[in-house]
Amino acid sequence: YSTSDIMSWELGHEQHMSNSSSITEFLLLPFADTRELQLLHFALFLGIYLAALLGNGLILSAVACDHRLHTPMYFFLFNLALLDLGCISTTVPKAMANSLWDSRAISYAGCAAQIFFFFFLMSAEYYFLTIMSYDRYVAICKPLHYRTLLGSRACAQMAAAAWGSGVLYALLHTANTFSLPLCRGNTLDQFFCEIPQILKLSCADSYLREIGLLTFSVFVFWGCFLFIVLSYLQIFRAVLRMPSEQGRHKAFSTCLPHLAVVSLFLSTAFFAYLKPPSLSSPSLDLVVAVLQLNKVLSFFYTILTPLVNPLIYSLRNREVREALSKGQVPCTGCIFRSLCL
């Protein structure tokens, strides 16, 4: 390379770094341009947020304070409810505030924190959904070994591994994403901060540094997915061999809610992140522009999933309904006891 080429590369790199360091905030995608629609979105999100808090809060209270629900299945449901509360609290309050105050801005640090907690909670939830498929597999296929394979210590270790893996996964992706130079403005085409939108703002080909982590993430994703599929194949084989129709119905009734939540979680997240950040096909952009598919799918896996999970999983469960009908309220002691089974 000539001296002029090296100097021009260094100058361009310094300009990219200065553009990245000069960004102090990001602009999120507004839901509407008129004030009336903004207030309508605020009221809608407020209602959904309060309903999610109520539903998941009731699950936490019931599992924590009813000793009959201190079993591995409800222990994992307890953790899932915590993750759902955290997930919806990461994105919705900021979207509500922006709609209420007619603002689009989020600070640089706030965006980084939102991405970290969102990835942490979503990945940990995926790990818990995988663990819960193992719980159903052992309960149906190996019922005599259930207490041995899923004792208090084993459940605590699996839960700790899920939470810890989520933290590590989110920390690696967040640190790597925000180390990229940004040179394409500060406007995000989403109502919350997420990594694909940040990568769109990065300099040309700089997002290739993320390929290593993305490749690892793909292996983890498909590994968990394959584990869930194999678990349910074994479950369905065992259920179909049951001589009693009542036993088959009871077994399916304990598996179908988990299967429904897994399907909703994976399908919305898969299609939302399937499109690469640099893809710019005119025909595909036209479809996205008309249907606003990305926002719709993001709405499903960030907001509706935490809202409907309590309904699908537990509020239709007889044991949970009986616990809630007693009017028990959460207390610190019973919550800590439930965490230790």
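Quick notes on this one:
- Among residues of the range 15-30, those that are over 14 Å from Ile198 (Cβ atoms), modelled with pLDDT of 70 or more and surrounded by 13 or more Cβ atoms within 10 Å (Cβ to Cβ), counted: 1
- Members of the range 248-261 found to be under 13 Å from Ile228 (Cβ atoms) and surrounded by 18 or more Cβ atoms within 10 Å (Cβ to Cβ), listed by number: Cys255, His258, Val261
- Selection count, the range 221-250, where residues are in contact (Cβ under 8 Å) with a residue 60 or more places away in the chain and either among the charged types (D, E, K, R) or closer than 13 Å to Lys142 by Cα (or both): 5
- Every residue from the range 151-186 that is within 18 Å of the chain's Cα centre (by Cα), open to solvent by 60 Å² or more (accessible area, probe 1.4 Å) and within 16 Å of Leu199 (Cβ to Cβ): Leu172
- Per-region count, the range 94-119, residues assigned to a helix (DSSP H, G or I), touching a residue at least 12 places away in the same chain (Cβ under 8 Å), open to solvent by 40 Å² or more (accessible area, probe 1.4 Å) and within 18 Å of Leu27 (Cβ to Cβ): 3
- Filter pass, Leu264 being within 18 Å of Ile312 (Cβ to Cβ), modelled with pLDDT under 80 and open to solvent by less than 50 Å² (accessible area, probe 1.4 Å): yes
- Answer from Thr130, Thr90, Thr148 - the residue that is of a type in the set (Val, Ile, Thr), crowded, with 22+ Cβ neighbours inside 10 Å and assigned to a helix (DSSP H, G or I): Thr90
- The residues of the range 27-76 that are among the charged types (D, E, K, R) and within 30 Å of Gly185 (Cβ to Cβ), listed by number, are Asp33, Arg35, Glu36.
The values are calculated or read from the model by the stated rules, or taken from the named source; none is laboratory data. For clarity, every value in this text was computed on a predicted model and none was experimentally measured. When we count neighbours, we look across all protein chains shown, and the Cβ atoms used for this are built from the backbone with ideal geometry, even at glycine. Keep in mind that these areas ignore ligands, DNA and RNA; they rest on the heavy atoms of the full protein, side chains included. Shrake-Rupley method; radii C 1.70, N 1.55, O 1.52, S 1.80 Å.
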